[in-house]
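For reference, the structure discussed in these notes is given below.
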Amino acid sequence: MGTIEVVLGDITRQRVDIIVTAANESLLGGGGVDGAIHRAAGPRLAEAGARLAPVEPGKAVATPAFDLAPVKHVIHTVGPVWEDGEQGEDLVLTSCYLNSLLLAEELEAESIAFPAIATGVHGFPAERAARIATMAVRSLPIIDEIRLVAFDEETSGLLREALAEPVREWCPTCGAAAIPLVNGCRLLPEARQALAAGAIGLGGFLLDDDTFPQWGCAQEHYWTNGERDECRNQVALNDAIAVTLGEDRGWSVP
Ligand code: APR
């Protein structure tokens, strides 16, 4: 498993294979981190972006990084605009991170830097965003070096705190933060909600050793460990993992 670190500073100064920008749907550039990245990469970035626009919230597309070399690519992802937290904002933000990581893997990147997506102009509460960012990158450890770049001390502190939160269970195969699976048709209301959100998956199938798997990960490894009832109790804590992956890979069917 690679590293995940919090860095305080300007994302345009990061020497990584890929820099992620918090874009708008037009990909023409804006203010905040997007403005800084467009200034550093030069006008060809907006030209390349315009050819790929529009990009829906939660999705990610890549362009060359132009004048940001040796950075190879810029990934443009569009974060959610915060309304009240009940409009699927968490899931869109989670998808921004996961889709960016999947695209970075396709581009064979070894390192990637993320800004605190959606926490500026889009108004996403900083602490909640920090928790989602760390949960998302820990659930899909497919890039060797992941940097979460904070532009101010407060964001840096929040990201560090979120990263210090213990993960209940790690995948023994790939090192991802695990997702608890629930079995049976009499699900608690919280479990139903979490299922709909992709925070847990449905188990109910047998492993080779004739046990029901209690845990799964985003890369479709399944295993058994610990008390199944404890997994149910954990459901409420896992509120923002990967609806994107769940839908794609079929383990978050409500
Ligand atoms: N390096 C790292 N982080 C930065 C930088 C920088 N150079 N500049 C700003 N930030 C931080 C902000 O402090 C904030 O925490 O990036 C975070 C995201 O803020 P915004 O850039 O406002 O992004 P977002 O909230 O996702 O809003 C996106 O703003 O600029 C427009 O085109 C963009 O419409 C889109 C919207």
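Quick notes on this one:
- Fully extending the segment from ASP144 to ALA164 would add 5.3 nm, taking 0.36 nm per residue of separation and subtracting the current Cα-Cα distance.
- Amide H contacts under 5 Å for LEU181: GLY201, TRP215, GLY216, restricted to partners 5 or more places along the chain or on a different chain, H placed in the peptide plane at 1.01 Å from N.
- Remark: the ASP152-GLU110 segment gains 12.6 nm on full extension, using 0.36 nm per residue and subtracting the alpha carbon distance.
- Projected label points at ALA53 and ARG39, each 7 Å from Cα along the beta carbon direction, are separated by 1.9 nanometres.
- Residue-wise HN-Hα couplings along the stretch 154-168, as the Karplus relation 6.51 cos²θ - 1.76 cosθ + 1.60 with θ = phi - 60° gives them from phi, are 5, 4, 4, x, 5, 5, 5, 4, 5, 5, 7, 4, x, 8, 5 Hz; Gly and Pro carry x.
- For the stretch 3-164, the share of accessible area belonging to carbon and sulfur comes to 49 percent (1.4 Å probe, ligands and nucleic acids excluded).
- Among the protein heavy atoms, those of HIS73 account for about 50 Å² of accessible surface (1.4 Å probe, every chain in place).
- Residue-normalised accessible area of the stretch 49-98, given per residue in Å² at a 1.4 Å probe: 44 Å²
- Extension gain, GLU127-GLU25: 0.36 nm per intervening residue step, less the Cα-Cα distance, totals 34.3 nm.
- Protein-only accessible surface order, largest first, of GLU110, GLU25, GLU169 at 1.4 Å: GLU110, GLU25, GLU169
- Solvent exposure, largest accessible area first (probe 1.4 Å, DNA, RNA and ligands not counted), of TRP215, TRP82: TRP82, TRP215
The values are calculated or read from the model by the stated rules, or taken from the named source; none is laboratory data. Just so we're clear, the structure is a prediction, and the values are computed from it rather than from any experiment. Reconstructed Cβ throughout: ideal geometry from the backbone, glycine too, with neighbour counts over all protein chains shown. Please note that ligands, DNA and RNA were not included when accessible areas were found on the heavy atoms of the full protein model with its side chains. Shrake-Rupley method; radii C 1.70, N 1.55, O 1.52, S 1.80 Å.
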